[in-house]
Amino acid sequence: MKVPAIRVQGTQKMDRLRDRKDMHGGQAQSASPSLRDQPVQGVPAGPILAAKRRRHLHPFFYRIGPGTLSVCSVLLIGLMAILYLSQLGQAVTANQHIQDLHQRQATLQRENQDLVNTIAQEESPAYIIVHARAMGLVPANPTAVQILVVKHLRTIPRDDQDLQP
């Protein structure tokens, strides 16, 4: 059975050195092209082809040079920095929006408290008496009040009866 000649088509020196170690019992030999072109005796071609295919299936970054790897690394780091700064900007904007809402809430609570105090003051009997006298109203004399009684008249129900304690 004749074993076909197998050529190394890898581009990096490390792959060639690894092949030489594998073919010659783990010791590196000189890189003479005559040894590389000769078929390996006693080793079937199938496993060698399978090993070469496996070697070619390694991820791309194992086969790129240091310059390309550096450029890719810088680009990835730059992309990560841009994404981080974008997220940071969104977080700052959201924080400012939350602070604005807290300020608006505090302002509305103060205005509400002022309105509650104004209503309480204007509903007090003393305030009503003072403003009634300012408009020229005087309390009625209870002895001079005439009461008119209408027969068969029903009383008007009050809407705020359920509000009474």
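The values are calculated or read from the model by the stated rules, or taken from the named source; none is laboratory data. Small disclaimer: the values here were computed from a predicted structure and weren't measured. Every residue, glycine as well, gets a Cβ built from its backbone with ideal geometry; the counts of neighbours run over all protein chains shown.
Give the residue, chosen from Val92, Val71, that is modelled with pLDDT of 95 or more, in a helix (DSSP H, G or I) and of a type in the set (Val, Ile, Thr).
None of the others qualify; the one that does is Val92.
In contact with a helix residue (DSSP H, G or I) (Cβ under 9 Å, 6 or more places away or on another chain) and modelled with pLDDT under 95: does that describe His131?
yes
Can you name the residue in the stretch 115-163 that is outside any loop (DSSP other than H, G, I, E, B) and more than 60 Å from the chain's Cα centre (by Cα) and, of all such residues, is surrounded by the fewest Cβ atoms within 10 Å (Cβ to Cβ)? Walk me through how you get there before you give the answer.
Just the residues of the stretch 115-163 that are outside any loop (DSSP other than H, G, I, E, B), to begin with: 115-122, 125-134, 159-163.
Among the residues that remain, those that are also more than 60 Å from the chain's Cα centre (by Cα) are: 129-130, 132-134.
Details: Ile129: 12, Val130: 10, Ala132: 12, Arg133: 11, Ala134: 8.
Restricting to residues being outside any loop (DSSP other than H, G, I, E, B) and more than 60 Å from the chain's Cα centre (by Cα), the top hit is Ala134.
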